[in-house]
Amino acid sequence: MWIDLKKSGPILAFFLFLAFLYANGFSRTDQSSDFSDYYEASRNFKLGKDIYSLDAFSEVIQEFESGKLNINQIFDPEVFFRIRAKMENVGSYIYPPTFAFLLIPISVLPFEVASGIFFTINFIALIVSLVLIGKLLGREKSFLFLSAVLLLSLRFVENHQNNNQVGFLLLLLILLSISIKKDWLSGLILSLAIVIKLTPAAFLFYFLYKKRPMVILYTVIFALGWVALPALYNPEFTWKMNQTWYDLVLDKYLKSPALRAWKNNQSLNSTLSKYFLSYSDLLNQGRFGMPFIILNIDQVKIISGLLSLGIAGPYLYKVYKGASEGFVLSGLFFFSIIFSGISWIHAFVFLLFPTAFALSKLWPDQGEPPLIWEKWKTKLLDYRSATVFISISILVLLLNRSFIGNAAEEALLMFSFLLYTSLIQYVCIFYSDPAK
């Protein structure tokens, strides 16, 4: 009986942990979240209405032009709050139109039902992603290991669930694409991830590294297919929405790094914008003495380019000289966050893989008995970089409002501490992966 419990204990603990996370997250699905924006955009797509709510601008302008409103009425509380409610929806959905189109089957349902279904799909994606991560690292049957990875990333997982985001699904699509051996299927799956959000395009480099150029070709072909798919439903409207997405999101980001460079945005460009562009976060910059120095957009772009080269250059050199597959994938997951235009806290669930990669250096091999303290101590010293990586993960887990309070967390986020902790962990990956 004791032997059975010993074998089944880690599995039971893993699924109890998952059950707790699911119950806790599902209880919030009736609340407003990022899925609210997806849901509204999908319903608007079905109705042929602007999914980016830019028509709110036109409605407000028409009210002034028609004489229904004059400039002095803006300060009337009733008018002010009505206009603000309209304007808050502008650009709240920033994904390409294909994602809104694909959500139509559940957006026809009541919000609470659709939100619950979307949450459940993403949660299943999380479970499968953990299994795939374990398989890629040779620890697919180590449920205690997977529980530890989940625990170390708990802050990001919980934040993702509270926002009912799409990140788990993106993570699964990426992991599936690199796990599947058929080039066309890998391309099909990765292209879907890219069409939902552009950052998974970083993983095209993985297929270049693996000398699978056909996957890249299939990804491009299928991506065009995914973009054109909604045109089967409404060609003219699809073209218009794709153009709107380009103008509202992609073109704006290419012209200025300050796209949604707010307190919670922890990406490299957002950090530079908060530090050096005076209009990046009007609500919070003044509270923290920002910008430190006022620069123009071109100067910030140059700094961003140099830093990006300094971050990615050593990675490319190490890959060229010889690196493990785990290192290659870990770097790409880091880049997907650091170099993204928008990296909210929940975007850092992509660190599940790098965290697992670092932890695997310290974990007993499959079939080995549990390490006694002396062996643990030796392993911790032998893999100092992995130890620092895991220590940083624990620190990030503790540096949240539950422990340090709202004010301290706001200050940390405004200074983009998650960017810095990620960069430290990224450096640790270099030294925890010996050269071939």
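What residue, among those in segment 168-195 that are open to solvent by less than 10 Å² (accessible area, probe 1.4 Å) and of a type in the set (Gly, Ala, Ser), is nearest to residue 264 (Cα to Cα)?
Filtering first and then ranking leaves 193.
Open to solvent by less than 60 Å² (accessible area, probe 1.4 Å) and among the acidic types (Asp, Glu): is that true of residue 281 in this structure?
yes
Do any helices (runs of 4 or more DSSP H) entirely within segment 381-421 hold 2 or more residues that are open to solvent by 30 Å² or more (accessible area, probe 1.4 Å), among the hydroxyl-bearing types (Ser, Thr, Tyr) and in the same structural domain as residue 278 (by the TED database), and if so, which?
384-398
Restricting the search to segment 113-130, which residues are in contact (Cβ under 8 Å) with a residue 12 or more places away in the chain and either open to solvent by 20 Å² or more (accessible area, probe 1.4 Å) or in contact with a strand residue (DSSP E or B) (Cβ under 9 Å, 6 or more places away or on another chain) (or both)?
120, 121, 127, 128, listed by residue number.
Which number in (1) in contact with a Phe, Trp or Tyr (Cβ under 9 Å, 6 or more places away or on another chain); (2) closer than 21 Å to residue 354 by Cβ; (3) touching a residue at least 40 places away in the same chain (Cβ under 8 Å); (4) in a helix (DSSP H, G or I) marks the one condition that residue 165 misses?
Status for residue 165: all satisfied but (4).
Of all residues in segment 246-263, how many are out of contact with any helix residue (DSSP H, G or I) (no Cβ under 6 Å at 6 or more places or on another chain) and either closer than 21 Å to residue 338 by Cα or in contact (Cβ under 8 Å) with a residue 60 or more places away in the chain (or both)?
Adding up the residues that qualify gives 10.
Could you check segment 296-310 and list, in sequence order, the residues that are open to solvent by 20 Å² or more (accessible area, probe 1.4 Å) and either at pLDDT below 95 or within 28 Å of residue 246 (Cα to Cα) (or both)?
296, 297, 298, 299, 301, 302, 303, 305, 306, 307, 308, 309, listed by residue number.
What are the residues in segment 131-153 that are open to solvent by less than 30 Å² (accessible area, probe 1.4 Å) and not β-branched (Val, Ile, Thr), if any?
Passing the criteria: 132, 134, 139, 142, 145, 146, 147, 148, 150, 152, 153.
The values are calculated or read from the model by the stated rules, or taken from the named source; none is laboratory data. None of these values were measured; they are calculated from a predicted model. Quick reminder, even Gly has a Cβ in these numbers, built from the backbone with ideal geometry, and neighbours come from all protein chains shown. When the accessible area is computed, the model is the full protein with side chains, heavy atoms only, and any ligands, DNA or RNA have been set aside. Shrake-Rupley method; radii C 1.70, N 1.55, O 1.52, S 1.80 Å.
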